[in-house]
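Structure first, commentary second.
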Number of protein chains: 2
Amino acid sequence: MNFSKILNLVLAVTMLVLIIKFSPSTSTSKDAATQEDTISTREAVLSTIQNRKSVRHFTDKKISKEDMTAVLKAGMTAPTGFDARPWKFIVIRDTAMIKKMRKGLVYARGLDQATAAIVVCGDMTKVHKSDPEFWITDTSAATENILLALESMGLGGVWSTVYPSKKRMAFVSDLLGLPESILPLNVIPVGYPAGIQKAKDKFDPTNIHYEKWSQ
Amino acid sequence: MNFSKILNLVLAVTMLVLIIKFSPSTSTSKDAATQEDTISTREAVLSTIQNRKSVRHFTDKKISKEDMTAVLKAGMTAPTGFDARPWKFIVIRDTAMIKKMRKGLVYARGLDQATAAIVVCGDMTKVHKSDPEFWITDTSAATENILLALESMGLGGVWSTVYPSKKRMAFVSDLLGLPESILPLNVIPVGYPAGIQKAKDKFDPTNIHYEKWSQ
């Protein structure tokens, strides 16, 4: 075999490797893994909204400070009446504090395994005096943003109600030392979901009316 | 030039073409176009939450019935107290009805150009009797889902408040013929945004407290 023939052989093998490696029609496991990343914004958002579920069981893995800030940033982009942004967020990462919180909130089972919690509060010094009820609508929208951000990040949480129970609101206010003007809406236990949980399909077309109630 | 040398040349040129065509580092206009589609779910959701804005100016293009259903489906996945799902949605596409609605809602400027509107309502027959206020939190979360779904679909809308104004609630109830048990929370003018509008950056780290209020 002369030099040219050997070179030909090397070139041919290299080409074959290149074709196999870069051919778009080759379905390798790597392609399957990246397929998830190529969905559109519409698909990503609608599926995240559909997949959000109330997560109450968590692993030991803790949410990073950067991720927590991203979650709270999502909360703070919600629309608010008169653009008042009447909210405050208390982040709890001290497990002793989470346990104390749990004792006063019998329904908040998510706190049992949570490695962090967010208390979403209304700031009554910021709401328009004529319509103080905006603290409820505005912090509710912020809470939904937080829950969707968590879902999109592979994290989970659950809206554990504090408002409208006066007893629970007083308990949380006392525990966290909230001023009178700061009203707790809910506690969101936060963490990485343990196990796989499917979201509920709550679509019901009978909830939709067209043009008027009667139609 | 003998046969082997010609073959070598052909192989070398083919390899070069292959490398240029499939090299991941080559930035062509096609790559730039698909880049938008390859963002992760996290990026898509967080950026949609950040990019949501109150859209009040719309083109003539109408939202399809399929897209409207997708938007309302997003609304119906919100979390609700006791999983009661206390909501009803009135979809208005009749421009005469939108104009009538606008006359009674002085702040709802978005209705001027909207080709559709969604009235988000609470269903008091479904809320837990001990905590009727859940109609406010639950429909607020549903509204945020609707606004995010619209944003992700290239559509726009704005939360035009009806609740807590008793006057506006009475006006909308009358106009739509709502039963006493159905309370309107807001009206969302819907359409394709006219022009480019930037979302507000409302992130304020002083809204975040750690562990307790005092810290």
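The values are calculated or read from the model by the stated rules, or taken from the named source; none is laboratory data. Nothing here was measured: the structure is a model prediction, and the numbers come from that model. Here the Cβ is made from the backbone with ideal geometry for all residues, glycine too, and neighbour counts use every protein chain on show.
Can you name the residue in the range A:96-123 that is surrounded by fewer than 16 Cβ atoms within 10 Å (Cβ to Cβ) and hydrophobic (A, V, I, L, M, F, W, C) and is also modelled with the highest pLDDT among such residues?
A:A96
Given (1) out of contact with any Phe, Trp or Tyr (no Cβ under 7 Å at 6 or more places or on another chain); (2) in a helix (DSSP H, G or I); (3) touching a residue at least 60 places away in the same chain (Cβ under 8 Å); (4) surrounded by 22 or more Cβ atoms within 10 Å (Cβ to Cβ), where does B:L175 come up short, assuming only one miss?
In the conditions (1) out of contact with any Phe, Trp or Tyr (no Cβ under 7 Å at 6 or more places or on another chain); (2) in a helix (DSSP H, G or I); (3) touching a residue at least 60 places away in the same chain (Cβ under 8 Å); (4) surrounded by 22 or more Cβ atoms within 10 Å (Cβ to Cβ), B:L175 misses (4) alone.
Can you tell me which residues in the range A:43-93 are within 7 Å of chain B (Cβ to nearest Cβ), of a type in the set (V, I, T) and within 26 Å of A:Y107 (Cα to Cα)?
A:T48, A:I49, A:I90, A:V91, A:I92
For the range B:183-208, which positions are within 7 Å of chain A (Cβ to nearest Cβ) and more than 22 Å from the chain's Cα centre (by Cα)?
Those that are within 7 Å of chain A (Cβ to nearest Cβ) and more than 22 Å from the chain's Cα centre (by Cα): B:D204, B:N207, B:I208.
Scan the range B:33-51 and report the pairs whose first residue is modelled with pLDDT under 95 and whose second residue is surrounded by fewer than 22 Cβ atoms within 10 Å (Cβ to Cβ) and among the β-branched types (V, I, T), with Cβ atoms within less than 6 Å and a gap of 6+ or a chain change.
Hits for this filter: B:D37/A:T38; B:T38/A:T38.
With respect to A:V71, is the statement that it is at pLDDT 95 or above and either touching a Pro at 6+ places or on another chain (Cβ under 6 Å) or β-branched (V, I, T) (or both) true?
Spelling it out, A:V71 is indeed at pLDDT 95 or above and either touching a Pro at 6+ places or on another chain (Cβ under 6 Å) or β-branched (V, I, T) (or both).
Based on what the data block shows, is A:V91 β-branched (V, I, T), touching a residue at least 24 places away in the same chain (Cβ under 8 Å) and over 19 Å from B:A141 (Cβ atoms)?
So A:V91 passes the test.
Within the range A:135-179, can you find the residues that are farther than 18 Å from B:A44 by Cα, touching a Ser or Thr at 6+ places or on another chain (Cβ under 6 Å) and among the polar types (S, T, N, Q)?
Once the filter is applied, which keeps residues that are farther than 18 Å from B:A44 by Cα, touching a Ser or Thr at 6+ places or on another chain (Cβ under 6 Å) and among the polar types (S, T, N, Q), the range A:135-179 yields A:T137, A:S140.
Inside the range B:147-172, can you point out the residues that are part of a helix (DSSP H, G or I), in contact (Cβ under 8 Å) with a residue 24 or more places away in the chain and among the aliphatic types (A, V, I, L, M)?
Those that are part of a helix (DSSP H, G or I), in contact (Cβ under 8 Å) with a residue 24 or more places away in the chain and among the aliphatic types (A, V, I, L, M): B:L147, B:L148, B:A149, B:L150, B:V172.
Do you know which residues across the range A:181-200 are part of a loop (DSSP other than H, G, I, E, B) and either in contact (Cβ under 8 Å) with a residue 40 or more places away in the chain or in contact with a helix residue (DSSP H, G or I) (Cβ under 8 Å, 6 or more places away or on another chain) (or both)?
A:S181, A:Y192, A:A194, A:G195, A:Q197, A:K198, A:A199, A:K200
Considering only the range A:117-146, state which residues are assigned to a helix (DSSP H, G or I) and acidic (D, E).
Passing the criteria: A:D138, A:E144.
Under 7 Å between Cβ atoms, which residue pairs at least 6 apart in sequence (or on different chains) link something in the range B:54-70 that is in contact (Cβ under 8 Å) with a residue 24 or more places away in the chain with a partner that is exposed (fewer than 15 other Cβ atoms within 10 Å of the Cβ)?
What qualifies is B:V55/B:Q197; B:H57/B:G195.
When only residues in the range A:102-116 that are of a type outside the set (A, V, I, L, M) and in a loop (DSSP other than H, G, I, E, B) count, which is farthest from the other protein chains (Cβ to nearest Cβ)?
Only one residue fits best here, namely A:Q113.
Restricted to the range A:126-145, and to residues that are crowded, with 24+ Cβ neighbours inside 10 Å and at the interface with chain B (Cβ under 7 Å from one of its Cβ atoms), which residue is farthest from A:I188 (Cα to Cα)?
Ranking the candidates gives A:T137 first.
Restricting attention to the range A:205-214, which residues are under 10 Å from B:K88 (Cβ atoms) and surrounded by 10 or more Cβ atoms within 10 Å (Cβ to Cβ)?
Listed by number, the residues that qualify are A:N207, A:I208, A:H209, A:W213.
So which residues in the range B:176-208 are of a type outside the set (D, E, K, R), farther than 30 Å from A:M68 by Cβ and out of contact with any strand residue (DSSP E or B) (no Cβ under 9 Å at 6 or more places or on another chain)?
B:G177, B:P179, B:G195, B:I196
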